Amino acid sequence: MRLENKVAIITGASSGIGKETAMLFCQEGARITATSRSAEKLEQICREISGYGEKVIYIKGDVTSREEMEEVVRKTIDTFGRVDILINNAGITQDALVTKMTKEQWNNVINVDLSGAFNCIQVVAPYMIEQGSGVIINASSISGIYGNIGQVNYASAKAGLIGMTKTLAKELGKKGVRVNAVAPGFIKTPMTETVPDKIMNMIIERTPLRRIGEPGDVAHAYLYLASDDAKFINGEVLHVDGGLVL
Ligand code: NAP
């Protein structure tokens, strides 16, 4: 088991990639705190993985709230005694062309996808620094690397996460804390379920591996980066897109 004795906080654990990650991390021996804004969904997921005994707790929290993220970290440490891994996975899209995008759509996506990750890191980092060890992984996107029509808010947030990842890899690396990012392509989750079939088929045609990603594809990338297998990897952005963008 690759995460034996590790304690992980996973944001956005109620759906898609985060849910899959919660399950995988438990199978790999981690104790986890699953968090999102929906207590009902988190409770259901914890029930599904309750075969793993006392290894999972859920705490309702919005990543845009510093107080709620402080509570998540405090309860994690009260319950498990430490925190080794932060998966900054929570994210939203609110797409529109730049001329049509409202200030609200811009602010919402920046607040959740970029400032939310910053919030969680600021709360967790002091504990990791004190421990002298830790791993932080941010969910970027190929949109943040290559841009995507209709996603100026999302692409800006996801590009910002790459700058954040590289900066914090330098700041925190010397304290024993690794910071990396993943950049998924198109993954089959509730986030992409409104993408029309025509677009999805076009993406599949352009992807050398000839398929859309599954949540588990990203969960396994998180697992690798979180595990000691990646102990000399810091400041990296791991593409998980089947070779869509080369
Ligand atoms: P998803 O199924 O829509 O899940 C998003 C998660 O984020 C949910 O658990 C949601 O939970 C949580 N969330 C949203 N706003 C939140 C907030 N303010 N505070 C706390 N949690 C919040 O999406 P997904 O596809 O699994 O995406 C996971 C991550 O991968 C995101 O960062 C996304 O941008 C990134 N990504 C996805 C794709 C893709 O193709 N799917 C591609 C590239 C990158 P609640 O609603 O319960 O709060």
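The values are calculated or read from the model by the stated rules, or taken from the named source; none is laboratory data. Computed from a predicted model, the values in this text were never measured in an experiment. Cβ placement follows ideal geometry from the backbone for every residue including glycine, while neighbour counts extend to all protein chains displayed. For accessibility, only protein heavy atoms count, side chains too; no ligands or nucleic acids. Shrake-Rupley method; radii C 1.70, N 1.55, O 1.52, S 1.80 Å.
If you take all other residues with their beta carbon under 10 Å from the beta carbon of residue 42, and give Lys and Arg +1 and Asp and Glu -1, the sum is +3. The dipole here belongs to region 1-49: it is taken about the Cα centre, uses +1 on the Cβ of Lys and Arg and -1 on the Cβ of Asp and Glu, and is about 100 debye. The fraction of accessible area contributed by carbon and sulfur in region 1-41 is 39 percent, rounded to a whole number (1.4 Å probe; ligands and nucleic acids excluded). Per-residue packing, averaged as other Cβ atoms within 10 Å, sorts the ranges 104-114, 215-225 into the order 215-225, 104-114, beginning with the highest. Sparse packing (at most 15 other Cβ atoms within 10 Å of the Cβ) combined with a DSSP loop state is found for the following trypsin sites (Lys or Arg not before Pro) in region 87-187: 100, 174, 175. When only C-alpha pairs under 8 Å and at least 6 residues apart count, what is the relative contact order of region 166-246, in percent? Relative contact order, region 166-246: 46 percent.
Multiplying the sequence separation of residue 107 and residue 70 by 0.36 nm and subtracting their Cα-Cα distance, what value in nm do you get? Spell out each step's value before the answer.
Values: separation 37, 0.36 × 37 = 13.32 nm, distance 2.23 nm.
Between residue 107 and residue 70, full extension yields 11.1 nm more.
Under the definition of Cα pairs under 8 Å and six or more residues apart, what whole-number percent is the relative contact order of the chain? Answer for the chain is 19 percent. Could you let me know the centre-to-centre spacing of region 51-126 and region 14-43, using Cα atoms, in angstrom? Cα centroid of region 51-126 versus Cα centroid of region 14-43: 13 Å apart. Straight Cα distances below 25 angstrom link residue 55 to the lysines 6, 19, 41, 75, 231, with same-chain residues fewer than 8 positions distant left out. The C-alpha atoms of the chain define a longest principal axis, and helix 16-27 lies at about 30 degrees to it.
Based solely on its DSSP helices, what 222 nm [θ] is calculated for the chain when runs of n ≥ 4 H residues each add -39,500 (n - 2.57) and the sum is averaged over all residues, nearest 500 deg cm²/dmol?
After summing the helix terms and dividing by the residues of the chain, the value is -14000 deg cm²/dmol.
With a 10 Å radius around each residue's Cβ, average the other Cβ atoms per peptide and rank 128-140, 15-27, 186-198, highest first.
Order by mean packing, descending: 15-27, 128-140, 186-198.
Note that the chain presents 48 Å² accessible area per residue, ligands and nucleic acids not counted, probe 1.4 Å. If both residues of a DSSP beta bridge must be in the chain, then about 0% of such bridges are antiparallel. Remark: region 84-98, residue by residue, has Karplus-estimated 3J(HN,Hα) of 9, 9, 10, 9, 7, 9, 4, x, 9, 10, 9, 7, 5, 5, 4 Hz, where x stands for each Gly or Pro and the curve is 6.51 cos²θ - 1.76 cosθ + 1.60 at θ = phi - 60°.
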